[in-house]
Amino acid sequence: NQYQSALKQGLKEQKEAVSRGKSPHPPVLDELLEGVNVGATRLMGEAEIPVERFVGMKSAGRTTAFSPSFLPLLPEGTEFHSKWTRLCADHLSDVGIRDPLVSYEYLGNFYVQEGNKRLSVLKFNGSPRINTTFYRIMPEMSDDPRIQAYYEFLEFYEHAKMYDVQFTQPGDYGKLTACMGFTPDQDWTE
């Protein structure tokens, strides 16, 4: 029943995206980075990330199996269906989904490399946060306000350790830190 419901929602979302002239599948980071000057990529380790930060896939390999929000699109009776259903059963039992995803973070958003079905099951079942091992892709610094704000985010993350807040204008992280009563170099408490 879980898969039937998720599939129905995924097909509806796919149809709505096409009718609005949007892609019926998640965005692909490799395509977004074409022509972008990337400074460095580094392993950041494991973290729990808010589910809404997972927006796409690292590469185009399995994108056609998912709607833009990672709902399944492949019919019942497929190997995909069997694996998704098994993961869902594990998630809803005492076993749970234990293996972290592997993803890439770029400008505060996450793109899955390994674990797209796990992400699909967790998102469908309303998980607020998802455990992932991630790599950070650093854009080269530029005059673009979004890039400047992202570099401020990197300093903010060193102390706050959270992705829950994403600003696109320079200065906003400093304002938030001050409003919370912290100095820029002070570590935030949980």
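The values are calculated or read from the model by the stated rules, or taken from the named source; none is laboratory data. Only a predicted model underlies this, so the values are computations on that prediction, with no experimental measurement involved. Please note: Cβ atoms are built from the backbone with ideal geometry, for glycine as well, and neighbour counts cover all protein chains shown. For accessibility, only protein heavy atoms count, side chains too; no ligands or nucleic acids. Shrake-Rupley method; radii C 1.70, N 1.55, O 1.52, S 1.80 Å.
Assorted remarks:
- Of the GluC sites (Glu not before Pro) found in segment 96-183, the ones in coil according to DSSP and having at most 16 other Cβ atoms within 10 Å of their Cβ are Glu140.
- Accessible surface, per residue, of the chain when the full set of protein chains is kept, probe 1.4 Å, Å²: 55 Å²
- Mean residue ellipticity (222 nm) of the chain, computed from DSSP H runs ≥ 4 via -39,500 (n - 2.57), nearest 500: -11000 deg cm²/dmol
- Cα-based shape type of segment 18-94, given that a ≥ b ≥ c are square roots of the gyration tensor eigenvalues and the cut on a/c is 1.5: oblate
- Computed from Cα positions, the angle between helix 2-19 and the longest principal axis of the chain comes to roughly 70 degrees.
- Stretched out straight at 0.36 nm per residue, the stretch from Thr168 to Arg20 would grow longer than its current Cα-Cα span by 50.7 nm.
- Cross-link pairs exceeding 30 Å between alpha carbons, from the set Lys15/Lys161; Lys22/Lys83; Lys12/Lys117; Lys15/Lys117: Lys15/Lys161.
- Prolate/oblate/rounded call for segment 44-133, Cα gyration tensor, a/c under 1.5 rounded: oblate
- Sparse-neighbourhood loop sites, GluC sites (Glu not before Pro) in segment 1-103 - DSSP loop, at most 10 other Cβ within 10 angstrom: Glu34
- Spacing of the two label points (7 Å from each Cα toward its C-beta) at Asp187 and Glu79, in nm: 4.6 nm
- Whether segment 69-118 is rounded, prolate or oblate, judged on the alpha carbon gyration tensor where a/c under 1.5 counts as rounded: oblate
- Heavy-atom accessible surface of the chain: percent carbon and sulfur, 1.4 Å: 49 percent
- In the chain, the convex hull through the Cα atoms has an average projected area of 12.3 nm², a quarter of its surface area.
- Qualifying trypsin sites (Lys or Arg not before Pro) in segment 85-149, DSSP loop, other Cβ atoms within 10 Å at most 14: Arg98
- Measure of compaction for segment 94-190 (Cα Rg per 2.2 N^0.38 Å): 1.24
- FRET efficiency estimate (nearest 0.05) - Cβ-Cβ, Glu46 to Gln9, R0 35 angstrom: 0.75
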